[in-house]
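Contents: one structure, followed by commentary.
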């Protein structure tokens, strides 16, 4: 299970401080940065183009787009994508008119393509897009758009439902000798603390975004080094 530090902020200086905090850990290779446009949720972060002046060190970026029409953000981003170490782009399915076009555009640019499902979105809505071009599905443990909210156990049910869909696809793929749905990673983001990490590891989730557990540690009077040491035990 991979650990992804998840950054959500409207302040570039704060983002750089958070990057500096995690980029020194050589067992981390990807950071997730949330982009919110004020339309998907009543919250707003920096825009993708604002990130170009930041120092990511050796870290790659997964962009999590909580925006109206993620494809339009991708089209804008492509004009300066060489200025950022982007590995993947995850778009929330709820505000996306053309999910397959979103996936196709990312694959054409040799980027990993992901779709996100909000906490109360029916998992079945992802089924038409579970094809060989989709690299990851991100399930939310909170309602998307804010950091620091309490984890909702409905997430576990959603993980089971998604795994069931992928298992059915696996049976079909074996019969038709088509793509292998095991190549689609299941990611979880939102509200995850250590008790949930243990549960998610047992569920064989592929990756987990961790935000406030890391970045609010100092405000809680905790040592970040100790938290990162514990997180490393869950990372592979």
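The values are calculated or read from the model by the stated rules, or taken from the named source; none is laboratory data. None of these values were measured; they are calculated from a predicted model. Methodologically, a virtual Cβ is constructed for each residue, glycine included, from the backbone with ideal geometry; neighbour enumeration extends over all protein chains shown.
Data for the structure
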{"item": "Residues located in segment 224-236, provided they are in a loop (DSSP other than H, G, I, E, B) and exposed (fewer than 11 other Cβ atoms within 10 Å of the Cβ)", "result": "236"}
{"item": "Selection status of residue 49, part of a helix (DSSP H, G or I) and either in contact with a helix residue (DSSP H, G or I) (Cβ under 7 Å, 6 or more places away or on another chain) or surrounded by fewer than 21 Cβ atoms within 10 Å (Cβ to Cβ) (or both)", "result": "yes"}
{"item": "Top-ranked residue in segment 30-40 [being closer than 12 Å to residue 65 by Cβ and not in a strand (DSSP E or B); ranked as modelled with the highest pLDDT]", "result": "40"}
{"item": "Residue in segment 76-93 that is at pLDDT below 95, crowded, with 22+ Cβ neighbours inside 10 Å and not in a loop (DSSP other than H, G, I, E, B) present", "result": "yes"}
{"item": "Count of segment 147-157 residues which are within 22 Å of residue 63 (Cα to Cα) and either part of a helix (DSSP H, G or I) or touching a strand residue (DSSP E or B) at 6+ places or on another chain (Cβ under 9 Å) (or both)", "result": "2"}
{"item": "Residue satisfying condition, being under 24 Å from residue 100 (Cβ atoms) and assigned to a helix (DSSP H, G or I), within set 175, 144", "result": "175"}
{"item": "Single condition residue 201 does not satisfy, out of (1) crowded, with 16+ Cβ neighbours inside 10 Å; (2) at pLDDT 95 or above", "result": "(1)"}
{"item": "Failed criterion for residue 208 (all others in (1) within 16 Å of residue 27 (Cα to Cα); (2) part of a helix (DSSP H, G or I); (3) within 16 Å of the chain's Cα centre (by Cα) hold)", "result": "(2)"}
{"item": "The listed residue being touching a residue at least 12 places away in the same chain (Cβ under 8 Å) and closer than 23 Å to residue 107 by Cα, out of 207, 191", "result": "207"}
{"item": "Qualifying residues in segment 113-131 (those that are over 22 Å from residue 145 (Cα atoms) and without any contact (Cβ under 8 Å) to a residue 40 or more places away in the chain) - the one surrounded by the most Cβ atoms within 10 Å (Cβ to Cβ)", "result": "129"}
{"item": "Selection count where residues are surrounded by fewer than 17 Cβ atoms within 10 Å (Cβ to Cβ) and assigned to a loop (DSSP other than H, G, I, E, B), scope segment 178-198", "result": "4"}
{"item": "Subset of segment 1-29 (residues that are in contact with a strand residue (DSSP E or B) (Cβ under 7 Å, 6 or more places away or on another chain), in contact (Cβ under 8 Å) with a residue 40 or more places away in the chain and under 14 Å from residue 231 (Cα atoms))", "result": "1, 2, 3, 4, 5, 6, 22, 28"}
{"item": "Condition check for residue 41: buried (at least 22 other Cβ atoms within 10 Å of the Cβ) and touching a residue at least 60 places away in the same chain (Cβ under 8 Å)", "result": "no"}
